[in-house]
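Take a look at the structure below.
The values are calculated or read from the model by the stated rules, or taken from the named source; none is laboratory data. No experiment lies behind these values; they were computed from the predicted model shown. Methodologically, a virtual Cβ is constructed for each residue, glycine included, from the backbone with ideal geometry; neighbour enumeration extends over all protein chains shown. Accessible surface is based on the protein model in full, side chains and every heavy atom, while ligands, DNA and RNA are left aside. Shrake-Rupley method; radii C 1.70, N 1.55, O 1.52, S 1.80 Å.
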Amino acid sequence: MAYGPVGYAPTRRRPRARGSLGVTLVGFVLIVVGGAGLPWFGADQLDLHDTSLGGVTTSASAVGVGAFVLVQCVMLVPALLVALAGTLDSTVCRVLYAVLGVLWLIVLTIVEIAAGGVASANGYQLPTAGIGVSVIVGVLLLCWFVGYAFLRGLALRVVSGLLLLFAAGAFTLGAVGLARYSGVLAAGVGLAGFGYLLCAIGSFAGPRYEYY
């Protein structure tokens with residue numbers, strides 16, 4: 001009969017970074033260069049010619065390139081958090097993403113209430129249907145952010161990867177649409193789309209796990 005300490009099988013696991021983290025970081029750099037750096041690709045000097053509007057020439061900056069770049073800069077933080085949450089199975093990143101999302105939702109609610117108050121004070125009647133839609137959308141977004149904070153493991157990696165994959169598809173479609181106006185600008189948007197694709201791949205791959 002053998003005597004000695006009783007052996008126990010490992011019951012907990014700890015995520016560790018692997019090569020997928022490098023893929024995600026490269027992808028994020030491409031997002032910064034391609035999405036937030038659109039003026040470097042000549043977006044602020046581009047003229048869009050739309051013959052359906054009688055040949056009117058409109059500056060790209062006047063139709064929202066500046067706003068688009070601003071949105072990209074704002075979205076860099078949640079995009080990075082989602083990418084790292086999936087790639088590293090990181091509790092800190094998913095919780096920070098959820099907290100920022102809830103804070104953003106609170107700010108939007110305050111702004112909407114203030115705008116509604118100003119409209120009512122000026123004699124405008126707010127549509128009941130519009131208020132109901134806003135409430136439903138707000139509740140759904142709140143459930144999304146809170147639910148994301150509780151995702152772990154494979155579920156977190158898949159959900160994060162799908163979010164990034166959706167962003168990659170949106171940027172790819174945007175690049176195709178812009179190709180008729182400027183190949184350089186389309187290249188910038190496409191570069192950001194490829195960056196989101198790399199982040200999605202890194203998220204799907206995820207970390208390696210150590211059991212202890």
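Please sort 189-199, 87-97 by packing, taking for each peptide the average over its residues of neighbouring beta carbons within 10 angstrom, highest first.
189-199, 87-97
What is the spin-label model distance, in nm, from CYS143 to MET75 if the labels are put 7 Å beyond Cα along the C-beta direction?
Inter-label distance under the simple model: 2.4 nm.
Sort 26-36, 110-120 by the packing proxy (mean of other Cβ within 10 Å over each peptide's residues), most packed first.
Result, highest mean first: 26-36, 110-120.
Could you order the peptides 145-153, 203-211, 160-168 from most to least packed, using the average number of other C-beta atoms within 10 Å per residue?
160-168, 203-211, 145-153
Just add up the charged neighbours of GLY153: K/R +1, D/E -1, any other residue whose Cβ is under 10 Å from the Cβ of GLY153. Don't jump to the answer; show the numbers that get you there.
On the way: positive: ARG13, ARG152, ARG157; negative: ASP89.
Charge balance in the 10 Å sphere: +2.
For LEU154 and TRP104, FRET efficiency with R0 = 22 Å and r from the beta-carbon atoms, rounded to 0.05?
For R0 = 22 Å, the calculated efficiency reads 0.20.
With the other protein chains left in place, how much accessible area per residue, in square angstrom, belongs to segment 131-186 at a 1.4 angstrom probe? Present the calculation step by step, with values, prior to reporting the outcome.
On the way: 3270 Å² over 56 residues.
It amounts to 58 Å² per residue over segment 131-186.
Given a Förster distance of 25 angstrom, what is the FRET efficiency for ALA170 paired with ILE113, based on the Cβ-Cβ distance and rounded to 0.05?
It comes out at approximately 0.25.
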